[in-house]
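Trainee: Before we start, here is the structure in question, set down as structure tokens.
The values are calculated or read from the model by the stated rules, or taken from the named source; none is laboratory data. The structure displayed is predicted, hence computed values, not measured ones. With ideal geometry, Cβ positions are generated from the backbone for all residues, glycine too; neighbour counts draw on all protein chains shown. All accessible areas refer to the heavy atoms of the entire protein, side chains included, with ligands and DNA or RNA removed. Shrake-Rupley method; radii C 1.70, N 1.55, O 1.52, S 1.80 Å.
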Amino acid sequence: MIQPYRIKSVAPIKVSTTEERRRWIEEVGLNPFRLASEQVMIDLLTDSGTAAMSEDQWAELIRADEAYAGSKSWLLLEETARELFGFPYVLPAHQGRSAEFALFGAKLEPGQLVPSNIHFDTTAAHIAYRGARPLDLVVEDVYRLTEPLPFKGNMDLDKLASLLKEQGEKVGMVTMVLTCNSGGGQPASFANIKAVSELCRKHGVPFWIDAARIAENAYFIRRDEEGMQGYSVGEIVRMIMDQADGMWMSMKKDALANMGALICCRHREDFEAISQLVILIDGYVTYGGMSGRDMAAAAVGLREAQDHDYLAHRIGQVERMVERLSGAGVPVIRPAGGHAVYIDARGFMPHLPAEKFPGWALAIHGYIAGGVRSIEIGPVLKGRDPETGENRLDIPDLVRLAIPRRVYTQDQLDYVCEVFVELRERAVELCGVEFEWEAPRLRHFTSRFRWAGRAEAGA
Ligand SMILES: Cc1ncc(COP(=O)(O)O)c(C=O)c1O
């Protein structure tokens, strides 16, 4: 699939040298979050809020209405969400986690259980903040990192059925994250989503969808699930939403927006209860912490993100990187997910013990070697076990290369592959890292590290 858009406005990249990058990253304690974006050549830190906007989004942004109440940009966003997702009630929030605060504040009681495929970190944190317990019931296939099995984001239906049977009265709601970000951006199938919905109805438990990457999930269903090729991406999105009582969505992903979120629901009581918390935290129910300009851009972006050619190109970009890297012997999660490439750092540098945080170290080596900013999704991000105080080294140690939407060209992404293929060829020379200063919470954002080994082996 060719890139189905042409570039109209460009942001220059400052080309830097290996020596400059080594100095910059050492100055900030080997932590990619602390780099200035101008020190980065290809920024794959996140796909969230980093999309390039279209000419139609910019045009709508100029027309945006900044009225406190009843802004026409809100009415456009509300009408678009109703049409695309089919829920009668729509609420705004400034980003996904504030939608989670309002939703769980209204819907959960302390002590309740909330199963999902794999909760995203902010979601799990908000459920816990409410005094409830998040549970991950994803299929085991997701942990077979390099085996290209389909729909690794599915819920394990047997585990969900027995939980609902044994402790159904304690379950506050069931959610599904589509696509499953913490499971490598892998999708769930429509059959699986429908089966989860049926189980929820049977047990009288609400079913909600974390729809941050719903268009990408629908694209995978259309492409890979038997019997689904006759439907458009938009039709599949509606069919998924028809299974649920409600959804929330960080619009920083599949609304091609730089900020914003939505909560949509079917029942008036939910709408009223959630509205109270939106007002408390995010502002009135016709802006929810967004400017009129944010809402205008998102209203247009929600529709553009469901375009089949755009999705075929975007997911094709990720797929091509996965094929190039795995063809060159770089261990990556397979099949390709929707929004990122994940490198298995322990497989990449088997000489490094888990205690030397190979995932964190590989992200730093990738930056020094090629100016590519990526991030570890592994033990550093996960933090210490609250009971034992030990690092959780029993989880996969991955480097995530998240692909911003409509931002990088194929030759730039080919360059990223070359950087990691070249590093792989001299992986035995690469050293690990250790903490110099460990932040007490959410440690990945601000901690400082030092080389655990020869500094000159850094790149
Ligand atoms: C699946 C999922 N849910 C929720 C969120 C939280 O959204 P936000 O970053 O807008 O607060 C994210 C963010 O990455 C996400 O990926």
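Trainee: Tell me the angle of helix 214-224 to the major Cα principal axis of the chain, expressed in degrees between 0 and 90 and rounded to the nearest ten.
Mentor: On a 0 to 90 degree scale, this one is about 80.
Trainee: Run down the lysines and flag those whose C-alpha is under 30 Å from the C-alpha of residue 202, throwing out any fewer than 8 positions away in its chain.
Mentor: Straight-distance partners of residue 202: 107, 152, 159, 165, 170, 194.
Trainee: Taking a ≥ b ≥ c as the square roots of the eigenvalues of the Cα gyration tensor of the range 1-157, is the shape rounded (a/c under 1.5), prolate (a/b larger than b/c) or oblate?
Mentor: oblate
Trainee: Roughly how far apart, in whole Å, are the Cα centres of the range 23-44 and the range 293-362?
Mentor: Between the Cα centres of the range 23-44 and the range 293-362 lies a distance of 20 Å.
Trainee: Ok, one more. Give me the percent relative contact order of the chain, please, defined on Cα pairs under 8 angstrom at least 6 residues apart. Mind showing how you got there, number by number?
Mentor: Numbers: 974 pairs, mean separation 102.9, N = 459.
Averaging sequence separation for qualifying contacts and normalising by length gives 22 percent for the chain.
Trainee: Before anything else, pin down the relative contact order of the range 209-268: Cα pairs under 8 Å, at least 6 apart, normalised by residue count, whole percent.
Mentor: 36 percent
Trainee: A follow-up question, please. Restricting attention to the range 1-83, which GluC sites (Glu not before Pro) occupy a DSSP loop and are surrounded by at most 13 other Cβ atoms within 10 Å?
Mentor: In loop regions of the range 1-83 (DSSP not H, G, I, E or B), the sparsely surrounded GluC sites (Glu not before Pro) are 66.
Trainee: For the range 55-304, what value does the Rg/Rh ratio take when both radii are computed over Cα atoms and Rh is the Kirkwood radius, given to two decimals?
Mentor: Details: Rg = 17.4 Å, Rh = 18.1 Å.
Taking Rh as the inverse mean 1/r over Cα pairs, Rg/Rh reads 0.96.
Trainee: Take the eigenvalues of the Cα gyration tensor for the range 155-244, scale each by 5, and report the square roots as semi-axes in whole Å, largest first.
Mentor: Output for the range 155-244: semi-axes of 24, 13, 11 Å.
Trainee: Moving on. Need the C-alpha centroid separation for the range 380-459 versus the range 128-200, integer Å.
Mentor: So the two Cα centres are separated by 27 Å.
Trainee: Which value, in debye to the nearest 20, describes the size of the charge dipole of the chain about its Cα centre when Lys and Arg Cβ atoms bear +1, Asp and Glu Cβ atoms bear -1, and nothing else is charged?
Mentor: In total the dipole reaches around 300 debye.
Trainee: A further question on this structure: Could you state the angle between the C-alpha long axis of helix 157-167 and the longest principal axis of the C-alpha atoms of the chain, as a value from 0 to 90 degrees rounded to the nearest 10?
Mentor: Computed tilt is about 60 degrees.
Trainee: Further question: What is the antiparallel percent of DSSP beta bridges lying wholly in the chain, to the nearest 5? Present the calculation step by step, with values, prior to reporting the outcome.
Mentor: Numbers: 27 of 41 bridges.
Beta bridges within the chain, antiparallel portion: roughly 65 percent.
Trainee: While we're on this one: Suppose all protein chains stay in the model; what accessible area per residue would a 1.4 Å probe give for the range 320-459, in Å²?
Mentor: On a per-residue basis, the range 320-459 sits at 39 Å².
Trainee: Right, another one. Could you order peptides 322-329, 131-138 by the average number of other Cβ atoms within 10 Å of their residues, highest first?
Mentor: Details: 322-329: 16.6, 131-138: 19.0.
Going by the mean number of other Cβ atoms within 10 Å, highest first, we get 131-138, 322-329.
Trainee: In addition: Residue by residue through the range 172-187, which ³J(HN,Hα) values in whole Hz follow from phi under the Karplus form 6.51 cos²θ - 1.76 cosθ + 1.60 (θ = phi - 60°), with glycine and proline marked x?
Mentor: For the range 172-187, the Karplus curve yields x, 6, 10, 10, 10, 9, 10, 5, 8, 4, 6, x, x, x, 7, x Hz.
Trainee: Going by average Cβ density within 10 Å per residue, which order do the peptides 283-295, 91-103, 263-275, 152-164 take, highest to lowest?
Mentor: For the peptides 283-295, 91-103, 263-275, 152-164, the packing ranking is 91-103, 283-295, 152-164, 263-275.
Trainee: Could you look at the range 353-459 and say what percent of its accessible area is carbon and sulfur, using a 1.4 Å probe and all protein chains?
Mentor: C and S fraction of accessible area: 50 percent.
Trainee: Rg and Dmax of the chain over Cα atoms: what are they, in angstrom?
Mentor: Cα radius of gyration and Dmax of the chain are 21.7, 62 Å respectively.
Trainee: Of all the Cα-Cα pairs you can form in the range 260-317, what percent are over 20 Å apart? Could the numbers behind the result be given before it?
Mentor: Numbers: 741 of 1653 pairs.
So the portion of pairs separated by more than 20 Å is 45 percent.
Trainee: What does the helix-only formula give at 222 nm for the chain: each DSSP H stretch with n ≥ 4 adding -39500 (n - 2.57), the total divided by the residues, and the result rounded to the nearest 500 deg cm²/dmol?
Mentor: On the way: 17 runs with 186 residues, N = 459.
Helix-only estimate at 222 nm: -12000 deg cm²/dmol.
Trainee: Can you tell me which lysines have their Cα less than 22 Å from the Cα of residue 252? Leave out same-chain residues fewer than eight positions away.
Mentor: 8, 72
Trainee: Give a quick list of trypsin sites (Lys or Arg not before Pro) in the range 329-435 that DSSP marks as loop, anything other than H, G, I, E or B, with at most 12 other Cβ atoms within 10 Å.
Mentor: Hits after loop and neighbour filter: 426.
Trainee: Now for a separate question. How high is the FRET efficiency from residue 129 to residue 194, r the C-beta distance, R0 30 Å, rounded to 0.05?
Mentor: The computed FRET efficiency comes out at 0.45.
Trainee: Same structure again: For the range 55-304, what is the accessible area per residue in Å² when the probe is 1.4 Å?
Mentor: Numbers: 9630 Å² over 250 residues.
On a per-residue basis, the range 55-304 sits at 39 Å².
Trainee: For helix 358-370, report the angle its Cα long axis makes with the longest principal axis of the Cα atoms of the chain; keep it between 0 and 90° and round to the nearest 10°.
Mentor: Compared with the principal axis, the helix lies near 70 degrees.
Trainee: A further question follows. In percent, how large is the relative contact order of the range 55-304, given Cα pairs closer than 8 Å and 6 or more residues apart?
Mentor: Rounded, it is 32 percent for the range 55-304.
Trainee: What's the carbon and sulfur percent of the range 55-304's accessible surface, probe 1.4 angstrom, rounded to a whole number?
Mentor: About 51 percent, which is the carbon plus sulfur part of the accessible surface.
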